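First the structure, in the form of structure tokens, and then the observations on it.
The values are calculated or read from the model by the stated rules, or taken from the named source; none is laboratory data. All figures in this text were calculated on a predicted structure; none of them were measured in a lab. Cβ: placed from backbone, ideal geometry, glycine included. Neighbour counts: every protein chain shown.
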Amino acid sequence: MANRKLNRIKVVLVEQGVTSAELAKALGKNPVSVSRWCTNETQPSLETLFDVADYLKVDIAELLNRTL
């Protein structure tokens, strides 16, 4: 599963004009962790992914890559 782009968090952030630092602050998360989600080095928990979707006002499915 190495190097698979499982999430689209960075794409959605760019589309909405939101920075990863803004997302980190809004969720009370470490900016380094959010940066690692954006580069797909690590993945957020399912609960956190729901929080991201809620903050960005998108369906959680928009944050996931459908084709692997």
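The set of residues in segment 20-41 that are outside any helix (DSSP H, G or I) and surrounded by 14 or more Cβ atoms within 10 Å (Cβ to Cβ) comprises LYS29, ASN40. Being within 17 Å of ARG4 (Cα to Cα) and assigned to a loop (DSSP other than H, G, I, E, B) is the filter here; which residues of segment 42-68 pass it? Answer for segment 42-68, where residues must be within 17 Å of ARG4 (Cα to Cα) and assigned to a loop (DSSP other than H, G, I, E, B): THR42, GLN43, PRO44, SER45, ASN65, ARG66, THR67, LEU68. The single condition among (1) outside any helix (DSSP H, G or I); (2) within 14 Å of LEU63 (Cβ to Cβ); (3) modelled with pLDDT of 95 or more that LYS5 does not satisfy is (3). The condition of being aliphatic (A, V, I, L, M), surrounded by 11 or more Cβ atoms within 10 Å (Cβ to Cβ), touching a residue at least 24 places away in the same chain (Cβ under 8 Å) and part of a loop (DSSP other than H, G, I, E, B) does not hold for VAL12. Sub-7 Å Cβ pairs linking a first residue in segment 36-65 that is in contact (Cβ under 8 Å) with a residue 60 or more places away in the chain to a second residue that is part of a loop (DSSP other than H, G, I, E, B) and basic (Lys, Arg), at least 6 apart or interchain, are ASN65/LYS5; ASN65/ARG8, ordered by first then second residue.
Figure legend. Inter-residue proximity from segment 21-32: first residues under 14 Å from LYS10 (Cα atoms), second residues not in a helix (DSSP H, G or I), beta-carbon distance below 7 Å, spacing 6+ or different chains. Indicated pairs: ALA24/ASN30. If the condition is being within 11 Å of LEU13 (Cβ to Cβ) and within 10 Å of the chain's Cα centre (by Cα), then segment 51-66 contributes VAL52, LEU56, LEU63. Counting the residues of segment 44-68 that are surrounded by 16 or more Cβ atoms within 10 Å (Cβ to Cβ) and polar (S, T, N, Q) gives 0.
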